[in-house]
């Protein structure tokens with residue numbers, strides 16, 4: 001029996017040319033769903049962004065650029081031709097990927113069209129809000145407001161099991177659906193040749209231990225915590241090359257700290273890597289991914305690294321740490337610079353352990369994007385049927 005072709009509207013508060021884990025995940029799943037459905041992304045009009053060719057439609061709404069950042073704030077409620085274009089899509093289901101401006105607009109539009117709204121919780125906002133508010137009381141109130149938005153979804157999807165407890169803590173009243181993220185990234189066809197190429201490009205010796213961080217260069221990802229741990233590692237006599245891969249608001253400060261700590265000889269910043277094949281080459285050459293973020297609910301980079309047989313060192317009790325079994329297909333360490341440093345030292349010093357973890361990461365982590373899209377589509381169908389029964 002042929003599957004019903006759905007008209008799907010996805011609402012996202014950021015999009016290319018800004019690149020982060022959420023943008024990558026939404027792009028990947030939209031591409032997969034577009035093979036058998038009509039998919040439209042409603043996103044802000046981002047500064048300096050010319051849309052690349054995608055298998056789905058893109059509607060950019062008027063927005064205001066946020067100074068000193070790569071983000072924009074959408075203004076979808078202003079009457080415009082774009083708003084009329086959105087309404088003409090006659091969506092069967094709306095999927096929102098953030099609880100902010102465009103997410104709220106998506107919820108309102110779903111109510112207006114009398115169609116179900118699905119929402120995915122991609123981010124653990126508590127830590128980020130706390131850094132902005134600098135008050136636990138205000139943070140708790142803010143999280144209750146955000147969770148109140150989650151309660152408006154007909155179906156709430158979370159990307160990891162620990163997220164369930166997090167949103168329940170702030171008042172989520174229903175049972176969310178857990179659907180993990182996936183990646184379309186593929187390992188290099190010839191890993192040895194790829195490594196030789198990258199070594200020449202970055203000035204890395206064949207036998208160098210290579211450590212990497214991949215993500216936005218921002219303090220919220222604990223990039224400075226990581227640098228301090230690496231400083232201790234170097235002072236302890238360890239030999240390594242560290243690559244910070246990505247772009248973000250704290251690039252200049254990170255560069256300054258690298259020089260201040262006298263680590264320019266072993267720590268490099270590559271900037272943003274847009275070419276996915278090149279990014280895969282970096283993952284493949286690395287011995288260990290260092291990802292000490294506490295705000296990520298999933299950590300797509302952990303899966304991308306695993307595809308390339310590179311295990312990750314995460315932080316104990318971080319949501320992304322639930323992806324791995326310590327010492328089996330990845331590693332965890334306390335959120336303490338000294339202990340994190342000692343964990344790196346132990347891992348890179350045990351070649352047999354690292355080899356086994358690399359193979360296990362490749363074999364056990366990650367799920368195909370086709371499978372993730374199938375699960376998401378099934379949730380759409382359930383929500384559509386339930387909504388129609390209410391009419």
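Every number here is computed from the coordinates shown, using simple stated rules; none is lab data. None of these values were measured; they are calculated from a predicted model. Here Cβ is always computed from backbone atoms with ideal geometry, including for glycine, and neighbour counts include all displayed protein chains.
Values for this structure:
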| item | result |
| --- | --- |
| More than 28 angstrom apart: percent of Cα pairs within the chain | 48 percent |
| Cα→Cβ-extended label distance, 7 Å offset, between residue 135 and residue 54, nm | 3.7 nm |
| Reciprocal of mean inverse Cα separation for region 191-364 (Kirkwood radius, Å) | 15.9 Å |
| Nearest 10 degrees, 0 to 90: helix 351-364 Cα axis against the chain principal axis | 10 degrees |
| Rounded tilt (10° steps) of 21-33 against the dominant C-alpha axis of the chain | 50 degrees |
| Nearest-ten-degree value, helix 191-202 long axis tilted from longest Cα axis of the chain | 80 degrees |
| Within the chain, helix-based [θ] at 222 nm, where runs of 4 or more DSSP H residues each add -39,500 (n - 2.57), nearest 500 | -13000 deg cm²/dmol |
| As computed over region 85-224, the Cα convex hull volume per residue (Å³) | 191 Å³ |
